[in-house]
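Have a look at the structure below, then the notes.
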There are 4 protein chains.
Amino acid sequence: MKNYDVRDLTLAKEGKLRIDWAGKEMPVVNLIKERFAGKSPWRECVFLPASISPRKRPIWRLALKEGGAEVVLCASNPLSTQDDVAAALVDYGIPVNAIRGEDNETYYQHIITALEHKPQITMDDGADLVSTLHKDYTDLAANVIGGTEETTTGVIRLRNMARAGKLIYPIIAVNDAQTKHFFDNRYGTGQSTIDGITRATNILWAGRKVVVCGYGWCGKGIARRAQGLGALVIVTEVQPIPALEAAMDGYQVMPLIKACEIGEVFITTTGDTTSLIRHTSCR
Amino acid sequence: MKNYDVRDLTLAKEGKLRIDWAGKEMPVVNLIKERFAGKSPWRECVFLPASISPRKRPIWRLALKEGGAEVVLCASNPLSTQDDVAAALVDYGIPVNAIRGEDNETYYQHIITALEHKPQITMDDGADLVSTLHKDYTDLAANVIGGTEETTTGVIRLRNMARAGKLIYPIIAVNDAQTKHFFDNRYGTGQSTIDGITRATNILWAGRKVVVCGYGWCGKGIARRAQGLGALVIVTEVQPIPALEAAMDGYQVMPLIKACEIGEVFITTTGDTTSLIRHTSCR
Amino acid sequence: MKNYDVRDLTLAKEGKLRIDWAGKEMPVVNLIKERFAGKSPWRECVFLPASISPRKRPIWRLALKEGGAEVVLCASNPLSTQDDVAAALVDYGIPVNAIRGEDNETYYQHIITALEHKPQITMDDGADLVSTLHKDYTDLAANVIGGTEETTTGVIRLRNMARAGKLIYPIIAVNDAQTKHFFDNRYGTGQSTIDGITRATNILWAGRKVVVCGYGWCGKGIARRAQGLGALVIVTEVQPIPALEAAMDGYQVMPLIKACEIGEVFITTTGDTTSLIRHTSCR
Amino acid sequence: MKNYDVRDLTLAKEGKLRIDWAGKEMPVVNLIKERFAGKSPWRECVFLPASISPRKRPIWRLALKEGGAEVVLCASNPLSTQDDVAAALVDYGIPVNAIRGEDNETYYQHIITALEHKPQITMDDGADLVSTLHKDYTDLAANVIGGTEETTTGVIRLRNMARAGKLIYPIIAVNDAQTKHFFDNRYGTGQSTIDGITRATNILWAGRKVVVCGYGWCGKGIARRAQGLGALVIVTEVQPIPALEAAMDGYQVMPLIKACEIGEVFITTTGDTTSLIRHTSCR
């Protein structure tokens, strides 16, 4: 009997190309795969990772399989599944239950189908899976020995559950890892923020007056890349220590209200500043 | 009688949005438009610019119209016309004869239709228009007082014509302008090269070993931006003076054959190096 | 009766120029002085700061005086007193007991003379003053309500005293302040290390292969400045997280033994690496 | 008979250390020396270089000697001779006639003594030697086949002589070399300007508002290094093209009068701006 539900299996070839491409950028996972080879440290262990979407995650799933685990997949979000990657994973022998754009009912049905595999480790991305498990399938939750949660939003939900004494098994917050904090925010978000604005607007960064609101890890990464592309960077920051850091790093530092008069591009790293910029008579 | 030929006039609204967006980035043209206002320095002068495509050019056409000129448009390339921008220009009162993907016959027919307006100034982009004018319409060419040519390819064709004593009127090579040379290459090509690679490959630049082949204006611009995004930049250069400049600017400088062993991303600013990289056992 | 002992009072004029120059760079202390003006928050409080030397410290002493305090000075080191600054401070009404190059006996005699003022707050720089107070003048120590210690060396001595239950009054370790840590190391040491090498060797930094051993706060500051002057920076680092940071910041990262083959200038931020460099057949 | 006149031969040891140190930084001259070895391309040719001072020049003199030349030295300026280097050169077999601080009469007497060697090639630095030769020793000048001149001042004097038809032999202006122009100004002056200000003022560059007046080769080099040390760089420039370059390189660009209100450190690369800054009510 068919133990998966994906859009179209013929997309597998395209999906494999994407997975291979992403794999080239992941030397550490490749090293781990090699270490697993022929040893099966995870045999008889059932993993249930939610989310198929970003091209890099499938590599992890395949590494676990290489390590002897039984891996089952559902989505963490009805909109983010990449159908070709899902088809490729089925082809690699992983039961995937996820279709891009599925309705809410199908989405939760897919989670339940995945749960029937009786997972021992969950890898969640937003806490929908863990919530479902804790609400309606507490018997299955008792079977789980631990899990991970990717997002800040998910961690907030889980912390509330823990505080209320309702979290049945321990979960690691991926965000707390030093390598996430130091690297993802500064280098990853630093680049992708700049990149997103380029794609949306086609602007030339050289000579552009760029206001970066907030000089935390993200702000530092963005400011440095914007300057590296030739922009004139202005930093706004309400905390005195990072404000001083920004000044000592050679940026103009000023109150947001004044930056609004000068700036051409505004990048906020905290939600609070967005509305202020919107209400200012800036370009 | 209809004096234009475009895909679909209802696309005008979308086209106007594109033109307006581009216009915000063109303060100098806007200043010129203001200077023209109510003075009509170009009245009774017929301009024939070839090319509708890049979003910024229509702004120039409209500025000329503001200055009193009669402006007529054809394409410089059957593939680059943006149909919505073409529709918008018709709406602004400029006769446009160009449809994206038109066949070769229609493309040249559109040029001829435009020529019937008896242009006094041509603005070409590849020299198709000027060639047509010199081959079959020498009587109309006699009416032209001058023109401009945008591309290097076009300039080569025109220089050959001039050398053979066959160029009927003077044409300015836009590429020779200092503002083109200094700025377009270093800042424009510098950014768009990096951007193109990001869009095609989704790589993170931080920590990436990037080999820039050639340290002329383009190479300088690319190297600086790559370093500005956190890459480790290696320069290869066969001329001793710019090779020394690259070293003094803090980059690693080495022969291409050695750079091939280390590099992860290769950017050549001259065609010669591409084949060498391809034939090397690099990743 | 003369309550001071300095080299030569006629040096006061020169000393005042130095103090004024340093004062221009100290806007925060100047703000504090203004806040003190006419309020005397420190009246009837006796401060005993050790050390006259760096040009910036006298500004602090004068600010305290402005705040109503009685301020008495001795040296923290027989070699670092600036005689002209000492003379200037006497002229400003502060009893100074310190002469550059004084012998050990005079140095300690000067500390004792200062202690006779019965200080309530000590500001030490190496812990000689505090040690003297705890060894031979415990009755005076009982009078002290608190103090500060500038150096790491001094803090180590004090922590040992505290551990042994022998520290009579609380002392703040200046080094623990975030503004010390974040700023002094990265920007201050970052610049002065580069500067010291320039003065000693007269090298041109552009194109120079500079090995920075250690990528902590000091190393980060040094690496950035060396690159900012056009050097090619190589980082060596034994901790994996900062080593990864260095790579993502665009520097070459390699084992020290390999860096020794390539590097031209070596800057260690930890003592351990010095001997290794010395024993390598590097230039 | 003694064919030299220096301060004190016992300084030779110290002078040799200085020469050796400078020699380590001169790989190209060292390569040339090696190429000369055993070939004597300059045998029977008499060189008369004026100037002993900068530590690097003696290396050149020794390379010529290695090449078989007879080399004789005088000063180009009574104040710039380094007596220890002069002593070392005598020890290496080069007749030197120069003493730091010698009076005008001795200075010219030393030039005349050197001329008695009947030089065939002169290497001047300010044109005092060449002027003497043309004024009073035209018979010896006829013997000279060519020369070099280091300074702009010297070149101006020589151009005037050439224009008046009075220059007897051809002289190369060192300043016209691309390697001088591109490298000395950007990297050399770029660093030494920053360095000079640090030594004179002891300022921290991080966060400092630095105004660079003029964005030519020197200005570009200074601006980049100041930014590389963490300064906030403001550029003033009266030429539109380099002003635009400065903006596209990410610096603030504004009229000098406005920069005077903001700036903390002012660096002019043209004499004209100095008086303007002086007359502005800036700090």
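The values are calculated or read from the model by the stated rules, or taken from the named source; none is laboratory data. Here the structure is a predicted model, which means the values were calculated and not measured. Here the Cβ positions follow ideal geometry from the backbone for every residue, glycine too, while neighbour counts run over all protein chains shown. Ligands, DNA and RNA are stripped out before the accessible areas are found, and what is left, the full protein with its side chains, is counted by its heavy atoms. Shrake-Rupley method; radii C 1.70, N 1.55, O 1.52, S 1.80 Å.
Overview of values
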read-out	value
Selection from segment B:54-79 of residues that are outside any helix (DSSP H, G or I) and open to solvent by less than 20 Å² (accessible area, probe 1.4 Å)	B:Gly67, B:Ala69, B:Val71, B:Val72, B:Leu73, B:Cys74, B:Ala75, B:Ser76
Residue match in segment B:222-240 (condition: modelled with pLDDT under 95, open to solvent by 20 Å² or more (accessible area, probe 1.4 Å), of a type in the set (A, V, I, L, M, F, W, C) and more than 29 Å from A:Thr201 (Cα to Cα))	yes
Restricting segment C:5-37 to residues that are of a type outside the set (A, V, I, L, M, F, W, C) and within 14 Å of chain D (Cβ to nearest Cβ), the residue that is least open to solvent (accessible area, probe 1.4 Å)	C:Gly23
Pairs, first facing another protein chain (nearest Cβ under 8 Å) and over 18 Å from B:Thr201 (Cβ atoms) in segment A:180-193, second aromatic (Phe, Trp, Tyr) and assigned to a helix (DSSP H, G or I), C-beta under 7 Å, six or more apart	A:Arg186/A:Trp217
Residue that is farthest from the other protein chains (Cβ to nearest Cβ), among those in segment B:226-243 that are closer than 18 Å to B:Ile257 by Cα and among the hydrophobic types (A, V, I, L, M, F, W, C)	B:Val238
Sole exception among (1) under 18 Å from A:Val72 (Cβ atoms); (2) open to solvent by 20 Å² or more (accessible area, probe 1.4 Å) for A:Gly165, by number	(1)
Test for B:Gln178: is it among the polar types (S, T, N, Q) and surrounded by fewer than 12 Cβ atoms within 10 Å (Cβ to Cβ)	yes
Top-ranked residue of segment D:197-207 - restricted to ones that are within 9 Å of another protein chain (Cβ to nearest Cβ) and more than 22 Å from A:Val233 (Cβ to Cβ), ranked as surrounded by the most Cβ atoms within 10 Å (Cβ to Cβ)	D:Thr198
Residues satisfying the stated conditions in segment B:1-17, i.e. modelled with pLDDT of 90 or more and closer than 27 Å to B:Ile111 by Cβ	B:Tyr4, B:Asp5, B:Val6, B:Arg7, B:Asp8, B:Leu9, B:Thr10, B:Leu11, B:Ala12, B:Glu14, B:Gly15, B:Lys16
Members of segment B:223-242 that are under 22 Å from C:Gly228 (Cβ atoms) and touching a strand residue (DSSP E or B) at 6+ places or on another chain (Cβ under 6 Å)	B:Ala223, B:Ala226, B:Gln227, B:Ala231, B:Leu232, B:Val233, B:Ile234, B:Val235
Any hit, segment B:60-72, residues being under 21 Å from the mean Cα position of the chain (by Cα) and over 19 Å from B:Val29 (Cβ atoms)	yes
Yes/no for A:Pro255 being open to solvent by 40 Å² or more (accessible area, probe 1.4 Å), over 18 Å from the mean Cα position of the chain (by Cα) and away from chain B (no Cβ under 14 Å)	yes
Residue within segment C:162-176 that is closer than 30 Å to A:Leu244 by Cα, of a type in the set (S, T, N, Q) and away from chain D (no Cβ under 13 Å) present	yes
D:Val130 open to solvent by less than 30 Å² (accessible area, probe 1.4 Å) and within 15 Å of D:Ala50 (Cβ to Cβ)	yes
Qualifying positions in segment B:208-221 - within 11 Å of chain A (Cβ to nearest Cβ) and either in contact (Cβ under 8 Å) with a residue 40 or more places away in the chain or surrounded by fewer than 21 Cβ atoms within 10 Å (Cβ to Cβ) (or both)	B:Arg208
Residue that is nearest to C:Thr193 (Cα to Cα) [pool: residues in segment D:196-212 that are at pLDDT 95 or above and among the charged types (D, E, K, R)]	D:Arg208
Residue count for segment C:80-91, restricted to those that are modelled with pLDDT of 90 or more, open to solvent by 30 Å² or more (accessible area, probe 1.4 Å) and either touching a Gly at 6+ places or on another chain (Cβ under 6 Å) or within 17 Å of C:Asp125 (Cα to Cα) (or both)	1
Of the criteria (1) hydroxyl-bearing (Ser, Thr, Tyr); (2) surrounded by fewer than 19 Cβ atoms within 10 Å (Cβ to Cβ); (3) within 11 Å of another protein chain (Cβ to nearest Cβ), which one C:Thr270 fails	(3)
Any hit, segment A:112-120, residues being modelled with pLDDT of 95 or more, more than 27 Å from A:Arg7 (Cβ to Cβ) and not basic (Lys, Arg)	yes
Selection within segment C:181-191 - open to solvent by 10 Å² or more (accessible area, probe 1.4 Å) and closer than 17 Å to C:Phe266 by Cβ	C:Thr189
In segment B:104-127, residue surrounded by the most Cβ atoms within 10 Å (Cβ to Cβ) [restricted to those that are among the β-branched types (Val, Ile, Thr) and in contact (Cβ under 8 Å) with a residue 60 or more places away in the chain]	B:Thr122
